[in-house]
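**Q** Okay, handing you the structure first.
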Amino acid sequence: MLFDASFALSIVPKIVGALWTSILVALLSCVGASLLGFTLEIARRSNRLMRYAMRFLIDFIRSTPLLVQLYFFYFVLPSYGIKLPAIAIGVIAISLYYSGYLAEVFKAGIDGVKPGQFEAARALGLKRLQTVVLVIAPQMLRNIAAPMGNYFIGIFKSTPYLAAIAVYEAFGAALDISSDTFRYTEPMVVVGVIFLAIALVLAWLVRRLEEHLLLSAKR
Amino acid sequence: MSFLDVLSGIFQGLNVTLAVTALGMLYAVPFAFAAGIAQHCWRGLAYGAITTLIEFWRSTSVVILLYGFYYTLPSFGLRLSGITVGSMVLGLHIGAYGSQAVRGALQSLDKGQSEAGRSLGLRGWQILMLIELPQALLAMVPTFINQFIQLVKGTALVSLVTLTDMTFRAKEISQLVYDPPKIYFALLVAYFILCYPATIVGRWVERKVGAGRKLDHAV
């Protein structure tokens, strides 16, 4: 039998149970990648030396595969006596990988804020940190919400990489079932469909958000 | 083993990495153009069909696609080598992203262009080939370069389906000598050497072409 529907149904609970790990990793990575990406971008703007150093760091992150970065942290950190659970390594690696992309998004966002806004903030006597948090960030977020959302979807779709370092998330659970039962079709189809469905719903939400922001910007 | 010994050991896998990249491009570029143009031109049911196909390849996690096709195709009687499946899956995944650049570039053209073509008595395919595509091509270049980098990085995944690419070589070396920091840093450097030139060129082209494209995405 090519596709056993009842077997496929029977493995859904196990995969959905592990899906919560995927979602947890994705959420933590979204927060981590955003904070790190924003920090990288602000650092890139601080002075000349930092501009070149941060640009190189961002390019380095963007020029190496996520899988290799994952292996790097997974195998190298223990050699320096840092023992972390695999799931934490996964969150660190995904956060770092996507921070390189989000830094570019933040760059476009900050560049999109009119120079008059910086000048007005200075005229009002705001400090640098106040300017960034109170004036620039809120205006920037409107411009970059959609591309950020797309990268968040990318983060969610990257969580199956964690199976490569033995984290028990949805895809890892599917592989587990496959190696127990020697059946690949059903677990792969089930986990693929679940990820596809979630990614499509998220993409639809991002599109709605984009339309909404465009409308409210025109008003 | 010195750092350079490790690096040259890793580069023994370069031919597989390059082969998967090159074969992947053979899938990605035609698929991107065919799907993007189809999505631009078709209406109704045909539009729905091509959109479904694109979304399947674009929105499913690439790790799941690779495992899914590699392990389930044999049960449908299709015995394909890892390199065939790997380059097909990665190529079509990247091509699906590329198709959105093709469609976006075609749709951002002024409507007057195709109307002028029609008023000159040109046929639909003539308008596409002679008027629309030549103008849209430039706008696609930054995204295509970014997607090329994603493809090179994506090839690291084929090490999971037992191809001896650079990542697989690194794992082999780490079984011979225990020195994770050196081996995995060398692996990062190896991919950086491959991708950094494209990153630089991409950055330069993006500045020239302007218009921050939001379509590039991470594998």
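The values are calculated or read from the model by the stated rules, or taken from the named source; none is laboratory data. Remember, predicted model here, so these are calculated numbers, not experimental data. Don't worry about glycine lacking a Cβ; one is built from the backbone with ideal geometry, like all the others, and counts go over all protein chains shown.
**Q** Of the residues that sit in the range B:173-219 and are touching a Lys or Arg at 6+ places or on another chain (Cβ under 7 Å) and modelled with pLDDT under 95, which one is nearest to the other protein chains (Cβ to nearest Cβ)?
**A** B:199
**Q** Also, quick follow-up: Among helices (runs of 4 or more DSSP H) lying entirely in the range B:1-110, which contain 2 or more residues that are within 30 Å of residue B:139 (Cβ to Cβ)?
**A** Output list reads B:14-41, B:44-59, B:62-72, B:82-107.
**Q** Please count how many residues of the range B:60-76 are among the aromatic types (Phe, Trp, Tyr), under 14 Å from residue B:92 (Cβ atoms) and within 7 Å of another protein chain (Cβ to nearest Cβ).
**A** Number satisfying all stated conditions: 0.
**Q** Being of a type in the set (Phe, Trp, Tyr) and in contact with a Pro (Cβ under 6 Å, 6 or more places away or on another chain): is that true of residue A:75 here?
**A** Details: of a type in the set (Phe, Trp, Tyr): yes; in contact with a Pro (Cβ under 6 Å, 6 or more places away or on another chain): yes.
Judged against the criteria, residue A:75 is a match.
Listed here are the residues, each with its yes/no results for (1) of a type in the set (Val, Ile, Thr); (2) within 25 Å of the chain's Cα centre (by Cα); (3) exposed (fewer than 15 other Cβ atoms within 10 Å of the Cβ).
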residue	(1), (2), (3)
B:118	no, no, yes
B:121	no, no, yes
B:130	no, no, yes
B:133	no, yes, no
B:140	no, yes, no
B:177	yes, no, yes
B:188	no, yes, no
B:193	yes, yes, yes
B:207	no, yes, yes
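**Q** Which condition breaks for residue A:99 when tested against (1) under 30 Å from residue B:180 (Cα atoms); (2) small (Gly, Ala, Ser); (3) surrounded by fewer than 16 Cβ atoms within 10 Å (Cβ to Cβ)?
**A** For residue A:99, the exception is condition (3).
Yes/no per residue for (1) touching a helix residue (DSSP H, G or I) at 6+ places or on another chain (Cβ under 6 Å); (2) in a helix (DSSP H, G or I); (3) at positive phi; (4) within 14 Å of another protein chain (Cβ to nearest Cβ):
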residue: A:10; (1), (2), (3), (4): no, yes, no, no
residue: A:19; (1), (2), (3), (4): yes, yes, no, yes
residue: A:32; (1), (2), (3), (4): yes, yes, no, no
residue: A:46; (1), (2), (3), (4): no, no, no, no
residue: A:59; (1), (2), (3), (4): yes, yes, no, yes
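**Q** Which members of the range A:121-151 meet the condition of being over 20 Å from residue A:217 (Cβ atoms), among the β-branched types (Val, Ile, Thr) and either within 14 Å of chain B (Cβ to nearest Cβ) or crowded, with 17+ Cβ neighbours inside 10 Å (or both)?
**A** A:131, A:132, listed by residue number.
**Q** Looking only at the range A:154-163, decide whether some residue is without any contact (Cβ under 8 Å) to a residue 24 or more places away in the chain and either facing chain B (nearest Cβ under 9 Å) or loosely packed, with under 13 Cβ neighbours inside 10 Å (or both). If you could, list the steps in order and put the result at the bottom.
**A** As a first pass, look at the range A:154-163 and keep what is without any contact (Cβ under 8 Å) to a residue 24 or more places away in the chain: A:163.
After this cut, where a residue has to be either facing chain B (nearest Cβ under 9 Å) or loosely packed, with under 13 Cβ neighbours inside 10 Å (or both) as well, the list is A:163.
Yes - at least one qualifying residue is present in the range A:154-163.
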